[in-house]
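The values are calculated or read from the model by the stated rules, or taken from the named source; none is laboratory data. Note that the structure is predicted; figures quoted are calculated from it, not measured. Neighbour counts run over all protein chains shown; Cβ positions are idealised from the backbone, glycine included. The area values use the complete protein model at the heavy-atom level, side chains included, leaving out ligands, DNA and RNA. Shrake-Rupley method; radii C 1.70, N 1.55, O 1.52, S 1.80 Å.
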Amino acid sequence: MRQGMIYNIQRMSVHDGPGLRTTVFLKGCPLRCLWCSNPESQSAVPQMLFFENLCTGCGKCVEVCPEGAARIVDGKVIRSIAKCTHCGQCTASCPAKAREMAGRLMTVEEVMDVVLKDMLFYENSGGGVTFGGGEPTSGGEFFLDLVKAAHEEGIHVTVDTCGFCPEERFDRTLALADLFLFDCKHTDPEAHRRLTGQDNTLILRNLRAALASGKEVHVRMPLIPGMNDDDANLSALSALLGEFGRDKVEVMPCHAFGWNKYVALGLPAPDMPQYTPEQLSAVLDRFAKHGLVPVMV
């Protein structure tokens, strides 16, 4: 049975497509967006997060850690990033839930067992399943098997994607999915590389393929102050969408939610600016100036 790395399955979601949904988060992403609020989604292997503010200092983790990565210093539990192998033994013993594993191998059947539990809710609300990440298409054949299994069950399938996906795999996804939530972070290849670590040639190819496919596509744009909200980028985005008679963009202003997870992983947190209400209003007006219709999500 084919397996893949899942880091969360969220039932009764209302933000990842129409109706009540189950959102399946696959672990692993080819991009490294400077503002990413889910750093635990980037690596394709399991990771242990240590939320120090929840730790009571009971020492249970010290007792079970096989590598000596957890120790008590001056009554406080300290984690050694260098020694931690992310085996997860400490998470099972932590009574305060200060330690949490992100990522576990699941089969297609195991994931679908969870998805199928809420069939009645999908039918009554016009909902379904959403595959997100990380970047769900990075799951390769495991991801495609999930999409196919949901499609064959008659479940509405949404794919929440950054678009960085091999062409053949993306085209196979196009044939099976019903809705794409497609991020367009920047239209310029070099600017995209600076912001995410990859240029956008493949992404724009896949976006055009999705827009030309006849499938439902919601173009989304994470808004980052001073990085992708300038006139040149908005003008180029307007021209791209105009090729397909589109003008609507779902905008997601940069926020700091989830940045505590960087600390929990032992990583430096992003240093991204936030919009003031006045600044955000001015940016949304800029969208309108270029013939775009921004929709907050």
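Rounded, prolate or oblate, given the Cα gyration tensor of the chain, with a/c below 1.5 counting as rounded? Because a/c hits 1.5 or more and a/b fails to exceed b/c, the chain counts as oblate.
Determine which residues of the range 177-195 fall in the zone a paramagnetic label at residue 236 would reach in this model, i.e. backbone nitrogen under 14 Å from the point 7 Å along Cα→Cβ. The answer is 184-195, whose backbone nitrogens lie closer than 14 Å to the label point. Dipole magnitude for the range 193-266: computed about the Cα centre from +1 point charges on Lys and Arg Cβ and -1 point charges on Asp and Glu Cβ, it is near 320 debye.
Kindly identify the range 47-101 as rounded, prolate or oblate by the Cα gyration tensor criterion: order the square roots of the eigenvalues as a ≥ b ≥ c, call it rounded if a/c is under 1.5, otherwise compare a/b with b/c, prolate if a/b is larger, else oblate.
On the way: a/c = 1.43, a/b = 1.12, b/c = 1.27.
Since a/c stays below 1.5, the shape of the range 47-101 is classed as rounded.
Between residue 87 and residue 11, take the C-beta separation as r, use R0 = 22 Å, and let me know the FRET efficiency to the nearest 0.05.
Numbers: r = 28 Å, r/R0 = 1.26.
That pair, residue 87 with residue 11, gives E of 0.20.
For the residue pairs 117/248; 185/248; 60/261; 83/261, the C-alpha atoms sit more than 26 angstrom apart in 117/248.
Starting from the Cα gyration tensor of the range 121-217, take the square roots of the eigenvalues, sort them a ≥ b ≥ c, and report rounded, prolate or oblate (rounded when a/c is under 1.5, otherwise prolate if a/b is larger than b/c, else oblate).
Values: a/c = 2.08, a/b = 1.94, b/c = 1.07.
Prolate shape, in that a/c is at least 1.5 and a/b is the bigger ratio.
Placing unit charges on each Cβ (+1 for Lys and Arg, -1 for Asp and Glu) gives the range 1-135 a dipole about its Cα centre, and among 56, 101, 35 the Cα reaching farthest toward its positive end belongs to 56.
Quick one: pull the percent of accessible area on the range 47-101 belonging to carbon and sulfur, 1.4 Å probe, ligands and nucleic acids left out. Intermediate values should be presented prior to the final figure.
Values: 1610 of 3190 Å².
Summing carbon and sulfur atoms, their accessible area is 50 percent of the total for the range 47-101.
For residue 217, the residues 5 or more places off, or on other chains, whose built amide H falls under 5 Å of its own are 180.
Rounded to the nearest 20, the Cβ-based charge dipole of the range 47-101 about its Cα centre (Lys and Arg +1, Asp and Glu -1) stands at 20 debye. Backbone phi angles across the range 211-221, fed through the Karplus curve with coefficients 6.51, -1.76 and 1.60 (θ = phi - 60°), yield HN-Hα couplings of 5, 8, 7, x, 6, 6, 10, 9, 7, 10, 9 Hz in residue order; Gly and Pro are listed as x. Who wins for biggest fluctuation among 125, 138, 13 in a Gaussian network model of the chain, springs between alpha carbons below 10 Å? Looking only at 125, 138, 13, the biggest GNM fluctuation is shown by 125. Rolling a 1.4 Å probe over the protein heavy atoms gives the chain an accessible area of 46 Å² per residue.
GNM on the chain, alpha-carbon springs under 10 angstrom: the most fluctuating residue among 166, 270, 95 is 95.
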